[in-house]
Amino acid sequence: MLTSITQSITFKVFGIGILALLMLIPLAQVRGLIAERNGMRDQAMRTIAQRWGAAQQVGGPLLAIPTRTRTLVNGNWSTTNEGTEILLADQLVYAGKLQSPEMRHYGIYSTPVYTAELKISGRFVASDVRALIAHARVGSSDTTQTTYMLEAAELRLPLADVRGIRRISAMHIDDKEVTFGPGAPTDGGALQGVALPLDLSHWTTDEAHAFELELTLAGTTSLQFLPLARHTEASLAAAWSNPSFVGAFLPAEHKIDTQGFDARWQVLDLNRIYGQHWQEESAHRIYLGGAAFGVNLYQPADLYQRNERAGKYGVLFIALTFVAFFLFEVLKKLRVHPVQYLLVGLALTTFYVVLLALSEQVGFAYAYLAAAVAVVLMVGGYAAAVLRARRAGALLGLTLSFVYALLYGLVVSEQYSLLMGAIALLCVVAVLMYLTRKVDWSNAAAAPAA
């Protein structure tokens, strides 16, 4: 009785299902290995960024005006608060070009880096400064006075990583040239930057103060701009054919071809989440980075993404291979031992380890081809020996080749992978139903061991 149960088709199907689920254990280990190697790649990218320049956010010049609030206590004035008022420009124009972006390597890992040639121009209007002073006078009383120390103001240029500065020109403003030096952090310390002293006490209400500077900035992976004016325009071009436009605003115009991209943005103060001025020391700090916009040097489905995507289909293709073995067993009246199923499953899981190891050295496409050929030959040859039929082994090898070709299409396709996978799964189920349409599952007898 027990023997008949263990040799029944139902018991066999159940056992094969258990073996397929057991294959989740080595597949989970492979996915953990992919995550570990991906983490090592990220660490290598951080090392490159530390030495070359991190992902950059560039802000146009802004004014930082010291403020002092005094209060009358018992007939004496005493300072109760000192702060800094941040005031933005009226107009800001970024014009940039990434000079020959390239892949920078650290060991076996690499990341895109660039050197950006930027020209930043625009203007401040003196009426904005006078409006601050007028507002402070309205808010003052007989016991409280707020003073803007215009002669001690400074002009700041916010940057995400000042280590990436390769060259910065003197700034032209009011027909003068002034030189930048180290500056205080902006945006609650999230942005570094450079600064220069600028006396605003002579600015009158009807003046416009134009400025212009040039900046050579090195960075990694991403370059973004901050809309620090009432009207901000930006243009950026590079010889990189896979840009990913990121941030709070998409380009108003862009052109992408095999030679690179050219994009232009336009942002108004009405589009931002912050106004034209604020107290830097306010409890509610302004998050400038939330309004940044720009481009990432995108790498379509890098090798770790592709390895992870291939691993997600692992248990499905192991199950399909087991089903193919089972069909040979049923249709050819053979018997395959569960240990033989297990060995085939382990051979299939080694594909993902070999793929990961080789793809780090020779690239994903060649690694995939080498790993797939090795596994197809190994499983096909083993099947020919187990099933005692070269034709059966060749047919299984051909089936595996088709499966791996389908898997490669799913892995490299970014837009249509779900559609391709759904159609392929539907076709596989239809083929299985067709091949087994005449099998009498109730009376299928166990065959002698192969």
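Assorted remarks:
- Residues in region 388-407 that are part of a helix (DSSP H, G or I) and of a type in the set (K, R): R390, R391.
- Sole residue being modelled with pLDDT of 75 or more and β-branched (V, I, T), chosen from V339, V428, V439: V339
- Residue in region 207-220 that is in contact (Cβ under 8 Å) with a residue 12 or more places away in the chain, among the charged types (D, E, K, R) and assigned to a loop (DSSP other than H, G, I, E, B) present: yes
- Flag if Q57 is in a strand (DSSP E or B), surrounded by 20 or more Cβ atoms within 10 Å (Cβ to Cβ) and not hydrophobic (A, V, I, L, M, F, W, C): yes
- Tallying residues that are within 21 Å of the chain's Cα centre (by Cα), over 16 Å from Y114 (Cα atoms) and touching a residue at least 12 places away in the same chain (Cβ under 8 Å) within region 246-263 yields 8.
- F211 fulfils the conditions (1) surrounded by 14 or more Cβ atoms within 10 Å (Cβ to Cβ); (2) of a type outside the set (S, T, Y); (3) at pLDDT below 90 except for a single criterion, (3).
This table checks each residue for (1) at pLDDT 85 or above; (2) part of a strand (DSSP E or B).
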| residue | (1), (2) |
| --- | --- |
| R130 | yes, no |
| S141 | no, no |
| P158 | yes, yes |
| A184 | no, no |
| A195 | yes, yes |
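- Complete set of residues in region 299-327 that are in a loop (DSSP other than H, G, I, E, B) and either modelled with pLDDT of 75 or more or within 25 Å of I16 (Cα to Cα) (or both): Y313
- Residue that is modelled with the highest pLDDT, among those in region 61-105 that are in contact with a Phe, Trp or Tyr (Cβ under 8 Å, 6 or more places away or on another chain) and basic (K, R): R104
- Sole residue being at pLDDT below 90 and aliphatic (A, V, I, L, M), chosen from I120, I108: I108
- Scanning region 221-252 for residues that are in a strand (DSSP E or B), touching a helix residue (DSSP H, G or I) at 6+ places or on another chain (Cβ under 9 Å) and hydrophobic (A, V, I, L, M, F, W, C) turns up L226, A229.
- The single residue among R230, R167 that is out of contact with any Asp or Glu (no Cβ under 6 Å at 6 or more places or on another chain), at pLDDT 90 or above and farther than 16 Å from N296 by Cβ turns out to be R167.
The values are calculated or read from the model by the stated rules, or taken from the named source; none is laboratory data. From a predicted model like this one, the values you see are computed outputs, not experimental measurements. Note that each Cβ is placed from the backbone with ideal geometry, even for glycine, and that neighbours are counted across all protein chains shown.
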